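Presented below is the structure to which this report refers.
The values are calculated or read from the model by the stated rules, or taken from the named source; none is laboratory data. Just so it is clear, the structure is predicted and the values come from calculations on it, not from any experiment. Don't worry about glycine lacking a Cβ; one is built from the backbone with ideal geometry, like all the others, and counts go over all protein chains shown. To get the accessible areas, we keep the full protein, side chains included, count just its heavy atoms, and leave off ligands, DNA and RNA. Shrake-Rupley method; radii C 1.70, N 1.55, O 1.52, S 1.80 Å.
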Amino acid sequence: MQTGADSILLQLLDGLQMMEHEMLLFAAFWFIVGAIDEFAVDLAYLWLRATGKLKAATVAFDKEVRPLSRRTAVFVPAWQESRVIRHMLEHTLTVWPHDSLSIYVGCYRNDSATIESAMKGAGGDTRVRLVIVDKDGPTTKADCLNRLYAAMADDEQRYDMQYESVIFHDAEDMVHPAALSLIDAGLAESDFVQLPVRPEPQPASRWISGHYSDEFVEAHGKTMAVRDALGAAIPAAGVGCGFARNKLGELAVERARDGAVGPFAEECLTEDYELGLTFSQSGSNGRFLRVRDEFGELVATRSFFPARLRDAVRQKTRWIHGIAFQGWDRLGWSGGPVDLWMALRDRRGPLTALVLGVAYALVVVEAILAVARLAGWQDTYVVSELLRSMLVISFAAFAWRALWRFAFTASEYGLAEGVLAVLRIPVANIIAIMAGRRAFMSYIATLRGAEPLWDKTAHESHPAVDLRPVTAR
């Protein structure tokens, strides 16, 4: 005999199954949309590879120092980077010994540890210019960059000279010896050049830090190369990117008309990404250059990415907030079909987090229903052929994506990392869900008047110390 409690339980289970059906439809639909999007990029990549348009170039690299064709300034903003800035400067000054190079390091007046470490890294080298931001940090990275730009402009006026290119790097970066010459050559034909970023594996953080390697090697091995080949706007990664000095000056003048100081948007959390697209929208041309040196090393910026879950979520929160939410508000939707397509891809972070969240919630729901079935509860819904087909397509698309993830990671980091890349997919998904929720709440806070802050990642070690340097041949 069925009691009232049993009847209520059955109704709840029936309602939960109905909810599961709708969640499956929602998740499967958006998985298929995303799969079509990714498959289009895959086809473009395969076609460009087949036609030879993506064949990796090789640049000659030897220990002979060749002069740059243009005077170059490197901007390095640094807030609470005392653990890495010294090693970054020592390595950069060693592998880039060019006389026509100047490095501007931006430190804050309330960050004496970073100032001291930067001074030790400079070691009296006159090519290093330490710039103290006359505000307590952190402000925003763009604000620090604007202070570096102003210091560079002051030096140009004081010494009656002109820089011709500006390169951006972070305090945790390990630069490639050939990168400076490659950027210098690229800027002879373009206004903006971006080199790949190569996250370095960390044995102590195979899962959290490792998922960055998986994502970047595919993004900078395939997606960015496709964007470049199709003529789409190239976003800057903030490191390993060089800009024509005169174009930065034009942008600074344009922003000054609106009362802003400097070429960088201080209210923007991803000023690097925005700068690259702004260059394209203003008619300047950008290039993504993926080449290897004669030893087979990728000419890229190497660095250690966050090793802890909390830090990874914070970093990706800033990326989603800046690229998806602020990008929509500040850059809008403009350009040709390819640019609009890429903008949609760039800004899908919040939707991706929502769909993944629904998918993982489905795991919990199905687990509850499975237990109920074992206890004797009977299903009341039958999966339709349409939904069944959608689920099959979604599973096939996931397997296809996992294959690509394995292939790119294995090609750069080895077979073992390729296998781990597939196993790390759930880790990347969980981080994306957490960061998407946090970015949405952060965006709502700014709509209510909160000021964006430089919620930066703490860096504990530098690749030049923990890895065999690229120059050690």
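So between TRP328 and ARG308, what do we pick up on full extension, going 0.36 nm a residue minus the alpha carbon distance?
4.3 nm
Once a ≥ b ≥ c are taken as the square roots of the eigenvalues of the Cα gyration tensor of region 175-327, is the result rounded (a/c under 1.5), prolate (a/b larger than b/c) or oblate (a/b not larger than b/c)?
oblate
With everything on Cα atoms, drop me the angle between helix 385-413 and the longest principal axis of the chain, reported from 0 to 90° to the nearest 10.
30
With r as the distance between the Cβ atoms of GLU200 and PHE398 and R0 = 30 Å, compute the FRET efficiency 1/(1 + (r/R0)^6) and round to 0.05.
0.60
Taking a temperature of 10 °C and a viscosity of 1.306 mPa s, what whole-number D in µm²/s does Stokes-Einstein yield for region 162-244 with Rh from Kirkwood over alpha carbon pairs?
Estimated via Stokes-Einstein, D reaches 113 µm²/s.
Label region 384-452 by shape, choosing from rounded, prolate and oblate, from the square roots a ≥ b ≥ c of the eigenvalues of the Cα gyration tensor; if a/c is under 1.5 it is rounded, and otherwise prolate applies when a/b is larger than b/c, oblate when it is not.
oblate
Before anything else, pin down the relative contact order of the chain: Cα pairs under 8 Å, at least 6 apart, normalised by residue count, whole percent.
It comes to 22 percent, rounded to a whole number.
For a quick check of your reading of the filter: which trypsin sites (Lys or Arg not before Pro) in region 116-152 sit in a DSSP loop and have no more than 13 other Cβ atoms within 10 Å?
Here the sparse-neighbourhood loop sites are LYS135.
Just to confirm the filter: which GluC sites (Glu not before Pro) across region 266-359 are DSSP coil and have at most 13 other Cβ within 10 angstrom of their Cβ?
GLU294
Please give the calculated 222 nm ellipticity per residue for the chain, where each DSSP H segment of at least 4 residues contributes -39500 (n - 2.57) and the sum is spread over every residue; nearest 500 deg cm²/dmol?
So the helix-based figure for the chain works out to -17500 deg cm²/dmol.
Kindly state, to the nearest 0.05, the FRET efficiency for ARG66 paired with GLU22, given R0 = 51 Å and r defined as their beta-carbon distance.
Efficiency, rounded to the nearest 0.05: 0.20.
Enter the accessible area per residue of region 155-279 (Å², integer; probe 1.4 Å; all protein chains in place).
Solvent-accessible surface per residue comes out at 32 Å².
Between TYR159 and VAL419, what length in nm is gained on full extension when 0.36 nm per residue of separation is reduced by their alpha carbon distance?
88.1 nm
Along the charge dipole of the chain, Cβ charges K/R +1 and D/E -1, which of VAL217, PRO138, THR317 sits furthest on the positive end?
Among VAL217, PRO138, THR317, the one farthest towards the positive end of the dipole of the chain is VAL217.
Among THR278, TYR108, THR409, whose Cα lies farthest out toward the positive end of the dipole of the chain, if unit charges sit on the beta carbon of Lys, Arg (+1) and Asp, Glu (-1)?
Of the options given, the answer is THR409.
Rank these by accessible area, largest first, 1.4 Å probe: TYR413, TYR273, TYR381.
Largest to smallest exposure gives the sequence TYR381, TYR413, TYR273.
Are there any trypsin sites (Lys or Arg not before Pro) in region 18-115 that are in a DSSP loop and have at most 15 other Cβ atoms within 10 Å? List them by number.
Of the trypsin sites (Lys or Arg not before Pro), the ones in loops of region 18-115 whose Cβ has at most 15 other Cβ atoms within 10 Å are LYS53, LYS55, LYS63, ARG109.
About the Cα centre of the chain, what is the dipole size in debye to 20, counting +1 per Lys and Arg Cβ and -1 per Asp and Glu Cβ, all else neutral?
Value, rounded to 20: 460 debye.
Assuming R0 = 45 Å, what is the FRET efficiency of ASP136 and THR58, from their Cβ-Cβ distance, to the nearest 0.05?
0.40
Please say if region 99-247 is rounded, prolate or oblate, where rounded means a/c under 1.5 for a ≥ b ≥ c the square roots of the C-alpha gyration tensor eigenvalues, and otherwise the choice is prolate for a/b larger than b/c and oblate otherwise?
oblate
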